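Take a look at the structure below.
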Amino acid sequence: MAELQRLLTLLKELDDQLAGCMKCGMCQAVCPLYAETGREMDVARGKLVLVEHLSSQLLNDPQGVQKRLERCLLCGSCAKACPSGVPVVDIFIKARAIIGEYLGLPPIKKLIFRSLLPRPRLMDGLQRLAAAGQGLFSKKADPILGSSCARFNAPVIRDRHYLPLATTPLHGELGEIDEPAGPGGTKVGFYPGCLVDKIFLDLGRDAIDVLRHRGHGIFVPGEQVCCGIPALSSGDRQGFERLVGRILNQFEDADIDYLITPCATCTATIRTIWPLMAEYLPQREQQRVRRLAEKTRDITEFLAEGLDETPGETQHGSGEKTGITYHDPCHLQKTLSISQAPRRLIGANSNYDFREMGAPDRCCGMGGSFNLLHYDLSRQVGQKKAEDILATGADTVATACPACMIQLVDQLSRTGKSIRVAHAVQIYAETLPQRAQKEQS
């Protein structure tokens with residue numbers, strides 16, 4: 001009875017949020033999915049109509065509603081363009097949670113979100129096993145990108161071009177770090193996110209190097225767990241809350257001034273989605289969530305603020321400049337309104353010639369679990385982004401989201417053009433004095 005009452009409360013909240021939708025169709029003009037399919041049910045306006053009748057649809061066709069709501073990148077393009085300010089992504093996330101509670105999770109998702117992701121040691125063991133065996137099933141695809149592809153068309157992997165798992169996660173390599181505040185007067189918690197922890201270890205190392213160079217003390221927990229967005233996107237509020245609790249416990253007693261992450265999706269999740277969903281938690285837990293959310297900063301935003309005032313931001317290198325362009329991650333640009341900070345970091349490196357691509361904020365098509373469930377659509381959207389990148393003639397494309405990096409590697413690897421994919425922080429890290437000394441030695 002209590003569960004049913006909670007569902008009814010959630011439905012009432014959705015009705016209140018939907019009141020502002022004028023059905024004007026502005027979302028249709030910016031939706032990357034609608035651009036590929038031309039189907040009204042794939043655009044926000046069509047899904048909002050579905051959500052308006054969610055209570056009756058739950059009884060008539062709950063699986064159908066779930067499938068239609070899953071056909072969304074959650075990129076926030078519609079919310080950004082909405083003249084009425086309807087929080088479309090928030091509504092869809094809550095609707096998925098309602099349907100997830102109503103239908104229950106499939107066993108495989110329950111295993112992943114509730115038994116594997118909250119247990120970092122178990123995840124580390126699985127990573128080591130997977131990393132040890134991945135060479136048997138893959139072959140090199142692009143040496144510049146470091147991408148691989150499957151030797152045969154396998155489930156999930158299919159014909160993707162992907163980056164291999166590291167044999168040891170970043171947190172396993174670093175161990176726990178607990179440094180006092182440095183000359184900068186601040187101590188930051190560093191939360192790498194799953195993809196940096198397990199694939200983009202170089203990015204994690206570069207981020208820590210830059211933070212230390214800027215005079216900040218650093219705290220890194222000895223274990224790493226997911227921020228929870230995959231669980232919540234799949235409608236698993238219980239798994240999401242379990243992961244949130246683990247991260248709160250890791251950072252609560254660390255006496256940090258900021259929580260820094262190099263992942264746009266993790267930043268947006270902790271800063272916006274955590275407080276949104278915290279209203280269903282006990283009061284004390286709500287307060288803990290809000291405190292950490294308020295401290296959370298994207299690393300590009302954090303570093304760019306002191307860029308001009310920090311001594312030693314000199315560039316090194318000589319000769320012809322390398323062409324570089326930048327892709328705006330949806331969660332950074334549309335959710336958090338951060339676009340100039342990563343460009344400033346790139347501009348601090350005089351070895352690059354910056355070239356703005358056409359529609360830099362157009363979604364790359366990754367969408368997390370969307371890429372797994374609807375790969376053909378994800379690839380179609382991603383191919384347009386690859387074409388925009390190639391049109392600049394740049395040798396490198398930077399971004400500020402590891403998930404976008406995964407998608408860009410996949411799409412660019414197929415072109416055979418060997419365009420390097422990097423994070424804006426990695427481009428900035430190349431300016432550090434120790435990097436110049438290393439190159440000269």
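A few remarks follow.
- Of the residues Asp328, Asp361, Asp395, the single one that is buried (at least 16 other Cβ atoms within 10 Å of the Cβ), out of contact with any Leu (no Cβ under 9 Å at 6 or more places or on another chain) and over 30 Å from Glu294 (Cβ atoms) is Asp395.
- Within the set Val196, Val210, Val188, the sole residue that is assigned to a strand (DSSP E or B) and under 28 Å from Leu307 (Cα atoms) turns out to be Val188.
Here's the yes/no breakdown for (1) surrounded by fewer than 21 Cβ atoms within 10 Å (Cβ to Cβ); (2) in contact with a strand residue (DSSP E or B) (Cβ under 9 Å, 6 or more places away or on another chain); (3) among the aromatic types (Phe, Trp, Tyr); (4) on the phi > 0 side of the Ramachandran plot:
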residue	(1), (2), (3), (4)
Gly172	yes, no, no, no
Gly175	yes, yes, no, yes
Lys198	no, no, no, no
Leu211	no, yes, no, no
Arg214	yes, no, no, no
Ile218	no, yes, no, no
Val225	no, no, no, no
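- Members of region 237-265 that are in a helix (DSSP H, G or I) and of a type in the set (A, V, I, L, M, F, W, C): Phe240, Leu243, Val244, Ile247, Leu248, Phe251, Ala264
- Matching residues, region 385-408, being more than 17 Å from Ala207 (Cβ to Cβ) and in a helix (DSSP H, G or I): Lys385, Ala386, Glu387, Asp388, Ile389, Leu390, Ala391, Ile406, Gln407, Leu408
- Every listed requirement among (1) buried (at least 23 other Cβ atoms within 10 Å of the Cβ); (2) in contact with a Leu (Cβ under 6 Å, 6 or more places away or on another chain); (3) farther than 25 Å from Arg119 by Cβ is met by Gly204 save one, (3).
- The number of residues in region 55-73 that are surrounded by fewer than 22 Cβ atoms within 10 Å (Cβ to Cβ) and touching a residue at least 40 places away in the same chain (Cβ under 8 Å) comes to 7.
- Taking region 220-236 as the range and being assigned to a loop (DSSP other than H, G, I, E, B) and of a type in the set (Val, Ile, Thr) as the test, only Val225 passes.
- Here the condition is being of a type outside the set (S, T, N, Q), surrounded by 12 or more Cβ atoms within 10 Å (Cβ to Cβ) and in a loop (DSSP other than H, G, I, E, B); of Pro180, Pro164, it holds for Pro164 alone.
- Conditions (1) outside any helix (DSSP H, G or I); (2) modelled with pLDDT of 85 or more; (3) out of contact with any Asp or Glu (no Cβ under 8 Å at 6 or more places or on another chain); number of the one not met by Leu105: (3)
- Test for Gly306: is it at pLDDT below 95 and under 24 Å from Arg214 (Cα atoms): yes
- Conditions (1) part of a loop (DSSP other than H, G, I, E, B); (2) at pLDDT 90 or above; (3) under 20 Å from Ser234 (Cβ atoms): number failed by Gly85: (3)
The values are calculated or read from the model by the stated rules, or taken from the named source; none is laboratory data. Please read all numbers here as calculations on a predicted model, not as lab measurements. Note that we place each Cβ from the backbone using ideal geometry, even for glycine, and neighbour counts take in every protein chain shown.
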